[in-house]
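What follows is a single structure, written as structure tokens, with notes after it.
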Amino acid sequence: MFTATENAISHDLTRAYLEPLLGGDRQACRQIIDQAQAAGINAYDLLVGLIYPTMENIQGLYRDDRISISQLNLATRLNRSIADQLTAQLPRVAANGKKALIVCGNAEPEELGGQICSDLFESDGWEVKFAGGGVPDDEVLKLTGEYRPDLLIFFATLPQGMPAVRKMIDYIREVNALPHMQIMCCGGIYKRAEGLAEEIGADLYAPDAASAVHVANENPTRRATVEQQTVGRTRRIKKAEIRRKHQTQRIAPRPVAPSAEAA
């Protein structure tokens, strides 16, 4: 598992990179990255200490109406291009035999974060499938059943997608077809809304892509508890009561009809 070099990315570098990025100045941004690498900053540190935080910063600026949608798109696409350049330089460790399936919110910034998350897991020895955003719920479940990952990651789900994620987690728990699989919620709304990942029943939570790898490696057996899953609790209790009622009806002895002689 890789760790970022402390203080590798300065505030000056972050500011210097953001300005041309918002303007879509590809040459200037690439030059800044080249100069940083020439100064000894490695690809991993640039990815987790500059590219990923800048992505979060850009999203925050857009949510606060401080940049336009054209600036958001220019910056996100250029940042993704540079992320591709850096992930190709990441070191690779031996395969650890674990598999991860990653899905994300259906928007460009979320796709970039999900891609970086996927690349970091792959660099750390995981076999990874990155489905991206916009995949219908039934296809996510189908892919999960076919791929049988050790870890299913919902990365930076969009707010309007939260009910669907909660329902998928509930369904996976009820069917229990993959009892070995853990579910992680990472980044985006899960970071902004403290405790949300736990409340909807995730086994694991990570605030960002780099932390996700560490959390997954350090907690291979952690499971969500019934007590932590507060969202949808009433609905689940009612469903459990209905199941118990049906089971009781199936096993209850049938009353014996009185015989004609007794009558």
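Computed from the coordinates by the stated procedures, all read-outs in this text should not be read as laboratory data. The shown structure was predicted, so the numbers you read here are calculated from the model rather than taken from an experiment. No Cβ is skipped: glycine too gets one built from the backbone with ideal geometry, and neighbour counts run over all protein chains shown.
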- prompt: Could you give the Stokes-Einstein D for the range 42-143 in µm² per second, using the C-alpha Kirkwood radius, 20 °C, 1.002 mPa s?
  reply: 147
Gain in span if fully extended, ASN176 to ARG66, counting 0.36 nm per residue against the direct Cα distance: 35.1 nm
query: Around ALA197, with a cut-off of 10 angstrom between Cβ atoms, what is the net charge of the other residues, counting Lys and Arg +1 and Asp and Glu -1?
result: -3
query: Where does the Debye-calculated log10 I(q)/I(0) of the range 99-218 sit at q = 0.10 Å⁻¹, using only Cα point scatterers of equal weight, no solvent?
result: -0.24
- prompt: Once the mean 1/r over all distinct Cα pairs of the range 11-87 is inverted, what Kirkwood radius in angstroms do you read off?
  reply: 12.3
- line: Computed about the Cα centre, the charge dipole of the range 11-87 from +1 Lys/Arg and -1 Asp/Glu charges at the Cβ has a magnitude in debye, to the nearest 20, of 180
query: Over all directions, what mean area does the Cα convex hull of the range 135-196 project, stated in square nanometres?
result: 4.1
- request: Pop a pseudo-label 7 angstrom from the Cα along the beta-carbon direction at both ASN96 and GLU218 and give the gap in nm to one decimal.
  value: 1.2
- line: In nm, the gap between the two label points placed 7 Å beyond Cα toward Cβ at VAL135 and THR14 is 3.2
